[in-house]
Amino acid sequence: MGQRSQNMIQIMKDNLMEYVTVIGLEVHSQLKTNAKMFCGCKNSFGESPNTMICPVCLGLPGALPSLNKKVIEYAVMAGSALNCTIAKESKMDRKNYFYPDIPKAFQISQFDQPLCEGGHLMIETPNGQKRLGITRIHIEEDAGKLIHMEGSDQSVVDYNRSGIPLIEIVSEPDMRSADEAYAYLTNLKAILEYIEVSDCNMQEGSLRCDANISIMPKGSSTFGTKTEIKNMNSFKGIHKAITYEVARQKKVLESGKTVSQETRLWDANQEKTFLMRSKEDAHDYRYFPEPDLPVIDFITSSYVEKIKNDLPELPKDRRKRFVEKHGLPEYDANVLTSQKVLADYFEQCLEKYPEPKLVSNWVMGSLLKELNDNHLTADQSKVSPEALVELIKYVQNQTISHQNAKVVFETMFKEGKDAEQVIEEKGLKQISDTGELETVIQEILSQNAKSVESFKSGNQKAIGFLLGQVMYKTKGKANPKVVREILLKHLS
Ligand SMILES: [Zn+2]
């Protein structure tokens, strides 16, 4: 190879610089306490606008907050489940900014003394388990909700959300791909659901996520300039937004420009990120300690110990139990425990029908397919665990074929009917009666003399064809095991 071609290759290599992606995530999760964070107003979603409000959560002059103890308890539970150190002493701070959704012109949050620090969670990657650090978890109040009226230049505000308790979970910049960010979020959501501190409903906004993304040349130890992406409301959306943003940053660097530090919005319809504000407009929040609330100093080690000991079973423990107690393969245990409601559903089935692998196949197969296709969770399924078990029993006692049972399940899922009703309506009861089958088989044998000959001269496969003909003739209702037996009797 000539010197010139080698130079060309070197230039091409330089242009095809490899980059490492660095991602950190900030997750806001609403805590499902009965009351709001600093007042007695009800913490609930979907009420008529501005009906769950009082002088405290409206921030009227002179109204004094008092901290809901349950908020501390739930945050300490989350911190413990995420392997954090719980602070001995913590305090609330005012984060000052002006916006119509925050009538006090400040949010009560935590600045330099968060409740929990230094945690982690584990994810599965193609290269094995990976530990992702959690910098801190702090508590703060949610703001009201601005609603921009469609087709109008006006906006209205609903303060029902104002003062609902949140935890903000800030990760270390430990994720290196959109897949890892996705795995972090699914694991985090599962943990919060298992300990029942948040319902993590992304549609209702009780789980929200911002991502900090940068790229740096492979081998570099200095992070690149990061952009922050907001407005992502599904894990799939987050995955897409990160993938888009990484590609955008690469393009910027490859064109010889620099990435600027800015906040960008994800547009799920166009599947693009857009500039929201640059670093120049970044807020200076002028944090200072909240003068109306005392320092939180009752966090004794016995209080924390008690919460740790009383934590409900976590996903990893349930996974282990599913393998050890129910004898399930790791794969099944992972899928079933990925959502608490799915794992609950599975175990409710087992109470009625203790055949773990058989039940697992149905839950991971037909049920999960319908749930995913319809964007539902197991607790929203029209097929109850009892109804699924009834269906499985009909397959086991050969009332219906496995193939037809899948069809029956689809109808059960759509219409909420029980198995017996659907089998009756569709006339799918399996024919196992030898007398009834004998007539059909005789007919098939006389119509397919060639196949009969072929089998008799040693072609074993010919029986498959004949069996298929019987199944076709009976619209799939013949019991294949019985048909095979009768066929063999005639053919030998
Ligand atoms: Zn209130």
The stretch 186-342: Cα Rg divided by the 2.2 N^0.38 Å rule of thumb: 1.41
Roughly what would the spin-label model give for Glu453 and Gln398, points 7 Å off Cα along C-beta, in nm? 3.3 nm
Tell me, what HN-Hα J-couplings in whole Hz come from the Karplus equation 6.51 cos²θ - 1.76 cosθ + 1.60 at θ = phi - 60° for each residue of the stretch 420-436, using x for Gly and Pro? 4, 4, 5, 4, 4, 4, 8, x, 9, 4, 6, 8, 10, 6, 4, x, 5
Between Ser338, Tyr19, Leu146, whose Cα lies farthest towards the positive end of the dipole of the chain when Lys and Arg beta carbons carry +1 and Asp and Glu beta carbons carry -1, centred on the Cα centre? Tyr19
Dipole moment magnitude, nearest 20 debye, the chain about Cα centre, only Lys, Arg, Asp, Glu C-beta charged: 1440 debye
Whole-percent tail of the Cα-Cα distance distribution for the stretch 20-289, cut at 30 Å, equals 31 percent
Counting only DSSP loop positions in the stretch 283-317, the chymotrypsin sites (Phe, Trp or Tyr not before Pro) whose Cβ has at most 15 other Cβ atoms within 10 Å are Tyr285, Tyr287, Phe298
Contact order relative to length of the chain, as percent, for alpha carbon pairs under 8 angstrom and 6 or more apart: 13 percent
Of all accessible surface on the chain at a 1.4 Å probe, what whole percent is carbon and sulfur? 51 percent
Ordered by residue, what ³J(HN,Hα) values in Hz, to whole numbers, does the stretch 440-448 give under the Karplus form 6.51 cos²θ - 1.76 cosθ + 1.60, where θ = phi - 60° and Gly and Pro are x? 4, 5, 3, 4, 4, 5, 6, 7, 10
Show the residues, 5+ positions off or on another chain, whose built amide H is closer than 5 Å to the amide H of Met276. Thr263, Arg264, Leu265
Under 20 Å between C-alpha atoms, the lysine pairs in the stretch 295-341 lying 8 or more places apart or on different chains count 7
Ignoring GluC sites (Glu not before Pro) that are buried or in helix or strand per DSSP, and keeping those with at most 13 other beta carbon atoms within 10 Å, what is the longest stretch of the chain between them? 272-492
Hey, what's the chain come to in accessible area per residue, 1.4 Å probe, Å²? 53 Å²
Aspartates and glutamates with Cα under 18 Å of Lys426, excluding same-chain neighbours fewer than 8 positions away: Glu390, Glu410, Glu415, Asp418
Förster radius 41 Å - calculated FRET efficiency between Leu311 and Asp373, Cβ distance, rounded to 0.05: 0.75
Let me check I've understood the local charge: for Ser301, count other residues with C-beta under 11 angstrom from its C-beta, Lys and Arg +1, Asp and Glu -1. What total comes out? +2
Gap separating the Cα centres of the stretch 145-220 and the stretch 324-389, nearest whole Å: 27 Å
Run the dipole for the stretch 434-491 about the Cα centre, Lys and Arg Cβ at +1, Asp and Glu Cβ at -1, nothing else charged, and hand back the magnitude in debye, nearest 20. 200 debye
Take the Cα atoms of the stretch 352-399, build their convex hull, and give its volume per residue in Å³. 78 Å³
Using only the heavy atoms of the protein chains and a 1.4 Å probe, how would Lys308, Lys42, Lys461, Lys36 rank by accessible area, largest first? Lys461, Lys42, Lys308, Lys36
Spit out the partnerless Cys residues in the chain, using Cβ distances under 4.7 Å as the pairing rule. Cys39, Cys41, Cys54, Cys57, Cys200, Cys209, Cys349
List the equivalent ellipsoid semi-axes of the stretch 313-426 in whole Å, largest first, each obtained as the square root of 5λ for an eigenvalue λ of the Cα gyration tensor. 24, 15, 11
Between Asp112 and Lys250, take the C-beta separation as r, use R0 = 51 Å, and let me know the FRET efficiency to the nearest 0.05. 0.90
Lys and Arg at +1, Asp and Glu at -1: add these up for the other residues within a Cβ distance under 14 Å of Ser446 and post the number. -1
Which of the listed residues, Phe98, Gln249, Val197, is farthest toward the dipole's positive end in the chain, when Lys, Arg count +1 and Asp, Glu count -1 at the beta-carbon? Gln249
If ligands, DNA and RNA are left out, what is the accessible area of Phe288 with a 1.4 Å probe, given in Å² to the nearest 10? 80 Å²
Here the chain gives, from Cα atoms, an Rg and Dmax in Å of 30.2, 99
How about the stretch 172-275: which trypsin sites (Lys or Arg not before Pro) there are in a DSSP loop, with at most 12 other Cβ atoms within 10 Å of their Cβ? Lys218, Lys257
Could you give the dipole magnitude of the stretch 313-426 about its Cα centre, charging the beta-carbon of Lys and Arg +1 and that of Asp and Glu -1, in debye to the nearest 20? 340 debye
Taking Lys and Arg as +1 and Asp and Glu as -1, residues besides Leu25 with C-beta under 14 Å from its C-beta add up to -3
In the stretch 339-492, what is the volume of the convex hull around the alpha carbon atoms, normalised per residue and reported in Å³? 125 Å³
Please report, in cubic angstrom per residue, the volume enclosed by the convex hull of the alpha-carbon atoms of the stretch 104-244. 167 Å³
At q = 0.18, 0.21, 0.25 Å⁻¹, what base-10 log of I(q)/I(0) does the Debye formula yield for the stretch 34-87 when every alpha carbon is treated as an equal point scatterer in vacuo? -0.70, -0.82, -0.94
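The values are calculated or read from the model by the stated rules, or taken from the named source; none is laboratory data. Since we're looking at a predicted model, the values are computed, not measured. Cβ sites come from the backbone with ideal geometry, for glycine too, and all protein chains shown count toward neighbours. Protein only, heavy atoms only, side chains kept; ligands, DNA and RNA dropped before computing areas. Shrake-Rupley method; radii C 1.70, N 1.55, O 1.52, S 1.80 Å.
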